[in-house]
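Novice: Just dropping this structure here.
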Amino acid sequence: MPIRTSFAAAVGQTPLLRLRHASEATGCEILAKAEFLNPGGSVKDRTALGLLDDAERRGLVRPGCVLVEGTAGNTGIGLALLGASRGHRTLIVMPETQSREKIDALRVTGAEVRLVPAAPFKDPGHYVHVARALAGKMNEQEPGSAWFANQFDNTANRDWHEAHTGPEIWEQTGGKVDGFVCAAGTGGTLAGVGRALKARRPDIRIALADPGGSALAAFVNTGELAAEGTSISEGIGSSRITANFADAPVDLAWTIPDAESVPVLHDLLQREGYCVGGSSGVNVAGALRLARELGPGHTIVTVLCDGGMRYQAKLFNPSFLRGKGIPVPEWLDRAFP
Ligand code: PMP
């Protein structure tokens, strides 16, 4: 492995892990990209790099320019760390409902953090609109002083996954991949990887694993945006079709309840030793569903988006889980009596 000479160079080329228990249970090869091993700890380092490189190429980000973004946290962490490595300050707007650990991690990066109440997208107080408005105000006062990254609707996000994440999966599997499944927040991962794999193998199955409270699975299945339930997972699900999601080549979609995905993520820790976040539980639960749909003998790839320690007080907290009606495994009860 070559020496990586910068934060940017350390992003991507993550290991593809065989999930032994999931593979044995289904008779498929269930493989997962270890995105928690990116330098900022999540798949969103890839997004941050794709967006910033594109903006720099277009001359939108000059030295001293402040990077501004609305984020559930991980994109902010990636952008702030990447920005630090290139001499940029970062201003992040995020909903106050996100995990305390992510908010603290973001503060540690040196980013300026503005927490806003959770609001629907049509509300001007939604974190994305607040971030866009702050960047606009800074540019009014001093043109070129701020850049709004716009991860949801800037398709440089999807393009980076199409040019890098998808081809990595193709090469690591030697082209032996029958299905790819993941959740969508911006949709950048799903659309980018989906497009890259479909271009190489048109009959591959691309599936969306959607959390409760998101309207995307219903949209794929019926053409109508409709949401039911809620989820404790963060960074995934959407009430609208973002520009990045818009041309994701999705063949199948399911809504995966927390009662299904959280036990999967607890199992990943106890049986395989991988401590991952809520979206990774949804993704692996989706991989199990796709394996059952395709039948034994297939190879299915998914994504472990970030690490579980970013959500310790929720995902590994018996009283929090019980309050949400999610089963608490015995080992976790014993760990926190
Ligand atoms: N998992 C986590 C933990 C995330 O933070 C995000 C992004 N918000 C995703 C999954 C979804 O990735 P994407 O934005 O590429 O759809």
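The values are calculated or read from the model by the stated rules, or taken from the named source; none is laboratory data. This is a predicted model, so every value here is computed, not measured. Heads up, the Cβs are rebuilt from the backbone with ideal geometry, glycines too, and the neighbour counts pull from every protein chain shown.
Novice: Is it true that residue 80 is in contact (Cβ under 8 Å) with a residue 60 or more places away in the chain, of a type in the set (Gly, Ala, Ser), within 16 Å of the ligand (Cβ to nearest atom) and not in a strand (DSSP E or B)? Even if it seems obvious, please write down each step before you answer.
Specialist: Details: in contact (Cβ under 8 Å) with a residue 60 or more places away in the chain: no; of a type in the set (Gly, Ala, Ser): yes; within 16 Å of the ligand (Cβ to nearest atom): yes; not in a strand (DSSP E or B): yes.
The answer is no for residue 80.
Novice: Condition first: without any contact (Cβ under 8 Å) to a residue 60 or more places away in the chain and under 30 Å from residue 232 (Cα atoms). Now tell me which residues in region 49-77 satisfy that. Give the steps one after another, and end with the answer.
Specialist: Initially, region 49-77 is screened for residues without any contact (Cβ under 8 Å) to a residue 60 or more places away in the chain, giving 56-59, 63, 76-77.
76, 77, listed by residue number.
Novice: If residue 185 passes every condition in (1) within 16 Å of the ligand (Cβ to nearest atom); (2) outside any strand (DSSP E or B); (3) surrounded by fewer than 24 Cβ atoms within 10 Å (Cβ to Cβ) but one, which one does it miss?
Specialist: Against the list (1) within 16 Å of the ligand (Cβ to nearest atom); (2) outside any strand (DSSP E or B); (3) surrounded by fewer than 24 Cβ atoms within 10 Å (Cβ to Cβ), residue 185 comes up short only on (3).
This table checks each residue for (1) free of Cβ contacts under 8 Å to residues at least 40 places away in the same chain; (2) touching a helix residue (DSSP H, G or I) at 6+ places or on another chain (Cβ under 9 Å); (3) assigned to a helix (DSSP H, G or I); (4) more than 16 Å from the ligand (Cβ to nearest atom).
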residue: 302; (1), (2), (3), (4): no, yes, no, no
residue: 311; (1), (2), (3), (4): no, yes, yes, no
residue: 321; (1), (2), (3), (4): no, yes, yes, yes
residue: 325; (1), (2), (3), (4): no, yes, no, yes
residue: 331; (1), (2), (3), (4): no, yes, yes, yes
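Novice: Name every residue in region 89-104 that is more than 13 Å from residue 116 (Cβ to Cβ) and assigned to a strand (DSSP E or B), in order of residue number.
Specialist: Let us first name the residues in region 89-104 that are more than 13 Å from residue 116 (Cβ to Cβ), namely 89-90, 99-102, 104.
Residue satisfying the conditions is 90 alone.
Novice: Kindly indicate whether residue 263 is in contact with a Lys or Arg (Cβ under 9 Å, 6 or more places away or on another chain) and farther than 23 Å from residue 118 by Cβ.
Specialist: Values: in contact with a Lys or Arg (Cβ under 9 Å, 6 or more places away or on another chain): no; farther than 23 Å from residue 118 by Cβ: yes.
So residue 263 fails the test.
Novice: Let me spell it out: the conditions are (1) part of a helix (DSSP H, G or I); (2) within 17 Å of the chain's Cα centre (by Cα); (3) surrounded by fewer than 24 Cβ atoms within 10 Å (Cβ to Cβ), and residue 286 meets all of them except one. Which number is the exception?
Specialist: (3)
Novice: Specify which of the listed residues (55, 22) is closer than 18 Å to residue 135 by Cβ, at pLDDT 95 or above and assigned to a helix (DSSP H, G or I).
Specialist: On the way: 22 fails: closer than 18 Å to residue 135 by Cβ.
When all the criteria are applied, what remains is 55.
Novice: Could you tell me which residue of region 132-173 is nearest to residue 92 (Cα to Cα), considering only residues that are among the small types (Gly, Ala, Ser) and part of a helix (DSSP H, G or I)?
Specialist: Within region 132-173, the first condition is being among the small types (Gly, Ala, Ser), and the residues that meet it are 133, 135-136, 144-146, 149, 156, 163, 166.
Still in the list and also part of a helix (DSSP H, G or I): 133, 135-136, 156, 163, 166.
Working: 133: 12, 135: 10, 136: 14, 156: 19, 163: 27, 166: 28 Å.
In this case the residue turns out to be 135.
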